[in-house]
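Everything below concerns the one structure shown next.
The values are calculated or read from the model by the stated rules, or taken from the named source; none is laboratory data. As the structure is a prediction and not an experimental result, all values here were calculated from the model. We place every Cβ from the backbone using ideal geometry, glycine too, and count neighbours over all the protein chains shown. For the accessible areas, the whole protein counts, side chains as well, though only heavy atoms, and no ligand, DNA or RNA atoms are used. Shrake-Rupley method; radii C 1.70, N 1.55, O 1.52, S 1.80 Å.
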Amino acid sequence: MLGHILKRHSQPRGILFDRPHVVTDASALLRAHGVEGRVSIEHGSFFDSVPAGGDAYILSHIIHDWNEDQCLTILGNCRKAMKPGARLLIVEFVLPEGDTPHFGKIVDMVMLTIPGGEERTAAEYRTLLAAAGLKMTRVFPTASDVSIVEAELA
C-alpha cells in the first residue's frame, strides 16, 4: 500500500513498520514501484511502540484482527507517537447499521471465530477511538467494500 501511495505522490516519504518476517520482501516491492529511496523499513511491534513524529499513520486491515483491549494498545501507541495535526487512517470494512447487507458482515463472523477480532460500524469506531484518546473526524468510502476511518488526537 505504501508503495502505491508514494508512487502516486512524489513528495512524501514513508516508514514501513512491521515485524521482521513480514517485511522480508518489502525492498524488492518498493524498488519495483520506484520508491525504495523514499521508504525506511523499521522492525517492531505496534503492541510495544510506533515510530514517532509522522504526519499520517495508516493501519490497513489491522484493527479487525484483535480484541478490544489489544486494539486499545495499538491505538494508544499510535496516539503516543502522533504529533499535533497528525492523522490516523484506518483502512477496514465499516459496517452499515442495522440489517443492510454488506460483505464485511460475513468477514465479521470469520474475525470473531478465528482471531477473536471484529468488524465495526462507524459508531463503534468512534467509541473505540475515543477510548484510546483519539477523535474520529470522518469516514471516507472507497470504490471497494472497505472505507478509510480518519482520526486525530482528541
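Rolling a 1.4 Å probe over the protein chains gives SER27 an accessible area of about 40 Å². Each label was represented as a point 7 Å from its Cα along the Cα-to-Cβ direction; for PHE140 and VAL23 these points are 2.3 nm apart. log10 I(q)/I(0), Debye, Cα-only the chain, no solvent, q = 0.09, 0.12, 0.13, 0.14 Å⁻¹? Reported log10 I(q)/I(0), two decimals: -0.30, -0.54, -0.63, -0.74. Highest GNM mean-square fluctuation among GLY116, GLY54, GLY98, for the chain modelled with Cα contacts below 10 Å: GLY98. Out of MET1, HIS33, VAL110, whose Cα points farthest toward the positive end of the dipole of the chain (charges: +1 Lys, Arg; -1 Asp, Glu; placed on Cβ)? With unit charges placed on the Cβ atoms, the residue in question is HIS33.
Could you state the accessible area per residue of the chain in Å², with a 1.4 Å probe and every protein chain left in place?
For the chain, the per-residue accessible area is 57 Å².
Only Lys, Arg, Asp and Glu carry charge here, each on its Cβ (+1 for the first two, -1 for the last two); on that basis the stretch 43-154 has a dipole of about 480 debye about its Cα centre. Under the shape rule built on the C-alpha gyration tensor, where the axes satisfy a ≥ b ≥ c, the stretch 15-81 is prolate, since a/c reaches at least 1.5 and a/b is greater than b/c. The slack in the chain from GLU152 to LYS83, taken as 0.36 nm per residue of separation less the alpha-carbon distance, amounts to 23.9 nm. Across the accessible surface of the stretch 6-154, with the other protein chains kept in place and a 1.4 Å probe, carbon and sulfur atoms take up 55 percent.
Residues of the stretch 118-154 with an amide N closer than 13 Å to a point placed 7 Å from the Cα of HIS4 along the Cα-to-Cβ direction: 142-148. Taking the chain as a Gaussian network of alpha-carbon nodes connected by springs under 10 Å, the highest mean-square fluctuation of the residues ILE90, ILE74, ILE15 belongs to ILE15. Taking a ≥ b ≥ c as the square roots of the Cα gyration tensor eigenvalues, with a/c under 1.5 meaning rounded and otherwise prolate when a/b beats b/c, else oblate, which class fits the stretch 111-154? Because a/c hits 1.5 or more and a/b fails to exceed b/c, the stretch 111-154 counts as oblate.
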